[in-house]
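Okay, structure first, notes after.
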Amino acid sequence: GLLLLLLCCWSVANGQQQQRREGLMQQQQSCRTQHLSAQQPYETIRSEGGTIELSTRQDNDELDCAGVEFMRETVEKDCLALQRFSNVPEIRYVIEGEGLLGVVFPGCPETFRRSPFGEEGECRRRRGRREGQGQGEREEEEEERGRGREEEYSRDERERRREESSQKIRRVRRGDVVAIYAGVAYWWYNDGDRPLRTVAIADASNHQNQLDKRYRPFFLAGSPATRERSERAGEGERYGGNVLAGFDANMLAEALGVRRQVVTDIQENNRESGLIVRVNEPRRPGPGGRGAPLFSNTVAEDSEEEEREGINPGGLHQFYCNMRLRHNADRPDDADIFVRDGGRLNTVNRFKLHALSHLNLAAERGVLHPGAMFAPSWVACHAILYATRGNARIQVVENRERRVFDGRVQEGQFLVIPQFYAAMKRAGDQGFEWITFTTCHSPIRSSFTGRNSVLKAMPEEVVMNAYNISRKKAHELRWNREHDFLILPPRGEQRESE
């Protein structure tokens, strides 16, 4: 019996190792791409209140190499991107606008509440308490009856407050990098004056994904939206749909404790508005007719968003409930590299946003002035670059001294740079700004030039003999950029002619 158990365990372990080897071989084969290309998302999902644009692994060899899928989402003013969760972790960047983000962690308390009472009701309650204090002992019986009414009133109050509570709602703004866990439900709402636009990668090869290696969003509301592909525009395929619509209506009504008609309403959803819907009443009714903005009392402002990092006295439960999920990458004062005439680089890794350590993802926000360069370098993970403004000439070289990309990346395009492929950039006349998502939480970058150059760290004799050059040339190669670090200011005689 023991021998049989050991054989079974060995068989299972061997099978798992074989699956990992096959997966690794499949990924290695998928990275044998001959050429890279700057591209736009090729698939568009249209809804009433915005669009979701996608490029998937199935139809893109470069994304398949990186094991990710690329998304660009637009939520129009006063519109709600419906609640969803997915099988893979995501990292997002807000490229325009501002809005609200709700993320629901299982088991975390609903600590944010809106007052269910109007100002008049609050004043009446306070005034009644002051008058009651002046009555004295002569109205003890009245107080007893009042306490009974107060208990009943408190029960009603608790019931109403339960309806008005929610988990934390975070405000997101342009420049925010946002971490989203696999299996965690979230939603967006645009309460700003302009469209809320985000770009993201979904890491389909992440260890949190135990399904097939593709991005699968599970929407908790909405109706299937129109799906269009760039090469077959208007083909009419449908995307998404309400997960709750798949359950038996009677069983679901019993599980939710509601009438069957309520379940029918949420399942049939006759609005046909897709996956991003327009909010019918963007402001709550209130005094004066105008009312307060939606979620006005439940949003975590900046002072409240400074959640604690690390394990706290509340234990692991409170650690997840209070985890910070966003970090602004557009702040010059938070730049890791700042060059007066060259630009800056803001890195958002697990040290700045601890949630990324669980996702094994990170981001880099770069800004280059016109004519400035980003030094030739390589990163120890896949990188997906998205141009947010301007353009740049980018060159990418693989291990066989072959240039797999040499071209311009324009605003709105993305480029996949596989792990360890060396790349360099030169900004165009309008400068260049970008966000890069990496498939590791602490990307380590090695450079050919500058203060931390790998050549400068080698003995001069090694450089001389490796390149068959003189000592003088080796010295220049190692030291001519000793005061620069990754971002290289333009030199007048070396500016690229257009």
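The values are calculated or read from the model by the stated rules, or taken from the named source; none is laboratory data. None of the values given here were measured: they were computed from a predicted structure. Neighbour counts run over all protein chains shown; Cβ positions are idealised from the backbone, glycine included. Side chains included, ligands, DNA and RNA excluded: accessible areas come from the protein's heavy atoms. Shrake-Rupley method; radii C 1.70, N 1.55, O 1.52, S 1.80 Å.
Residue under question is residue 448, and the condition is that it be at positive phi and more than 22 Å from the chain's Cα centre (by Cα); does it hold? When the stated conditions are applied, residue 448 does not pass them. When the stretch 357-407 is filtered for residues that are at pLDDT 95 or above and acidic (Asp, Glu), the ones remaining, listed by number, are 364, 406. For the stretch 44-78, a tally of residues being of a type outside the set (S, T, N, Q), outside any loop (DSSP other than H, G, I, E, B) and farther than 21 Å from residue 436 by Cα returns 5. Of the residues 145, 161, 124, the single one that is over 19 Å from the mean Cα position of the chain (by Cα), surrounded by 13 or more Cβ atoms within 10 Å (Cβ to Cβ) and modelled with pLDDT under 90 is 161. Looking at this structure, is residue 485 modelled with pLDDT under 90 and among the hydrophobic types (A, V, I, L, M, F, W, C)? Spelling it out, residue 485 is indeed modelled with pLDDT under 90 and among the hydrophobic types (A, V, I, L, M, F, W, C).
Looking at the structure I just gave you, is residue 444 touching a Ser or Thr at 6+ places or on another chain (Cβ under 7 Å) and either among the hydrophobic types (A, V, I, L, M, F, W, C) or farther than 24 Å from residue 371 by Cβ (or both)? Spelling it out, it is not the case that residue 444 is touching a Ser or Thr at 6+ places or on another chain (Cβ under 7 Å) and either among the hydrophobic types (A, V, I, L, M, F, W, C) or farther than 24 Å from residue 371 by Cβ (or both). Can you tell me which residues in the stretch 384-438 are assigned to a loop (DSSP other than H, G, I, E, B) and hydrophobic (A, V, I, L, M, F, W, C)? 420 - this is the single residue of the stretch 384-438 that is assigned to a loop (DSSP other than H, G, I, E, B) and hydrophobic (A, V, I, L, M, F, W, C). Under the condition of being touching a helix residue (DSSP H, G or I) at 6+ places or on another chain (Cβ under 6 Å) and open to solvent by 10 Å² or more (accessible area, probe 1.4 Å), the residues counted in the stretch 37-66 number 2.
Scanning the stretch 439-465 for residues that are open to solvent by 30 Å² or more (accessible area, probe 1.4 Å) and in a helix (DSSP H, G or I) yields 460, 461, 462, 464, 465. Among the residues of the stretch 407-438, the ones that are crowded, with 18+ Cβ neighbours inside 10 Å and of a type in the set (Asp, Glu) come to 1 in all.
Among the residues making up the stretch 425-468, those that are more than 29 Å from residue 360 (Cα to Cα) and β-branched (Val, Ile, Thr) are 462, 463.
Considering only residues in the stretch 353-372 that are in a helix (DSSP H, G or I) and open to solvent by 10 Å² or more (accessible area, probe 1.4 Å), the one that is farthest from residue 89 (Cα to Cα) turns out to be 357. Just one of the listed residues (487, 394) is more than 18 Å from residue 337 (Cα to Cα) and among the aliphatic types (A, V, I, L, M), and it is 394.
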